[in-house]
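Okay, structure first, notes after.
What follows draws every value from the coordinates through simple rules; no lab data is involved. None of these values were measured; they are calculated from a predicted model. Methodologically, a virtual Cβ is constructed for each residue, glycine included, from the backbone with ideal geometry; neighbour enumeration extends over all protein chains shown.
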Amino acid sequence: MRTTLYYFHDPMCSWCWGYSHTWNQLQQLLPDHIGVEYVVGGLAPDSDIPMPASMAQTIQTHWKRIESELGTRFNYDFWVKCSPKRSTYPACRAVLAAEKQQQQKAMIQRIQEAYYLEAKNPSEQSTLIKLAEEIGLDPVKFTADINSTEIEQELQDQIQLTRQSPIQGFPSLLLVKGSIHYPTSVGYPIPVDYHSPHTTIEAILRC
């Protein structure tokens, strides 16, 4: 019987960035019979409105907390060099578009590095196209895909799946046994341990 570990995330979620090292370790430790599926949850819809100063300050507070608790690095130049917008759907579409060229994980990592370490703005499509080129994607196909109705529908489907699933916030893990597209009724929520993959593996194996 197929078993799938669903990873609910957003490429511009700061806690997902904080979890990324442990998450990569966890995937290496998973038994062969457990597959992994990424689901983009979409933190913030499309917007060209500049982020309010109060929200920018709140997000920087989150960064400092993650930095303190997990040792994760952040580049605060982002808040000076860029014009922040509360909009993560473009980055989510970029991940889905990259998946069509078998580079989903590489795109997630590149978006996170660009945002958190290099002070680049993944809310801008021009930034996302440059990142796609950097990881070797066909930029023409990527640009067409990120603006396609197919990718938009896939994004909405994954957001709906996220909302129907028994999870709270990002990142979240849900273990599903069986071939079920919508794991809302049969999933086992798995606690996320930001510090060690081993407690998460133990929780998975107990299900």
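Numerical summary
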quantity: Computed E for V80/L29 - FRET, C-beta separation, R0 45 angstrom, nearest 0.05; calculated: 0.70
quantity: Rounded to 10°, Cα long-axis angle of helix 53-70 versus longest principal axis of the chain; calculated: 50
quantity: Too-long pairs where the Cα-Cα distance tops 18 Å, listed order kept, from K100/K141; K85/K141; K100/K177; K85/K120; calculated: K85/K141; K100/K177
quantity: Protection-proxy order for peptides 45-51, 84-90, 130-136, each taking the mean of Cβ atoms within 10 Å per residue, highest first; calculated: 84-90, 130-136, 45-51
quantity: For the chain, cysteines whose Cβ has no other cysteine Cβ within reach (under 4.7 Å); calculated: C82, C92, C207
quantity: Rounded if a/c under 1.5, otherwise prolate or oblate - the stretch 78-176, Cα gyration tensor axes; calculated: oblate
quantity: Rg(Cα)/(2.2 N^0.38 Å) for the stretch 3-206, N = residue count; calculated: 1.01
quantity: Net charge dipole size for the chain [Lys, Arg +1 and Asp, Glu -1 on Cβ; Debye, nearest 20]; calculated: 340
quantity: Neighbourhood charge, 15 Å Cβ-Cβ cut-off, centred on N147 and excluding it, Lys, Arg +1 and Asp, Glu -1; calculated: -4
quantity: Packing-based ranking, highest mean first, of 100-112, 159-171 given that Cβ atoms within 10 Å are counted; calculated: 100-112, 159-171
quantity: The chain, relative contact order [Cα under 8 Å, separation at least 6], %; calculated: 30
quantity: Exposure proxy order (Cβ contacts within 10 Å, fewest to most) of T200, T61; calculated: T61, T200
quantity: Rounded if a/c under 1.5, otherwise prolate or oblate - the stretch 45-109, Cα gyration tensor axes; calculated: oblate
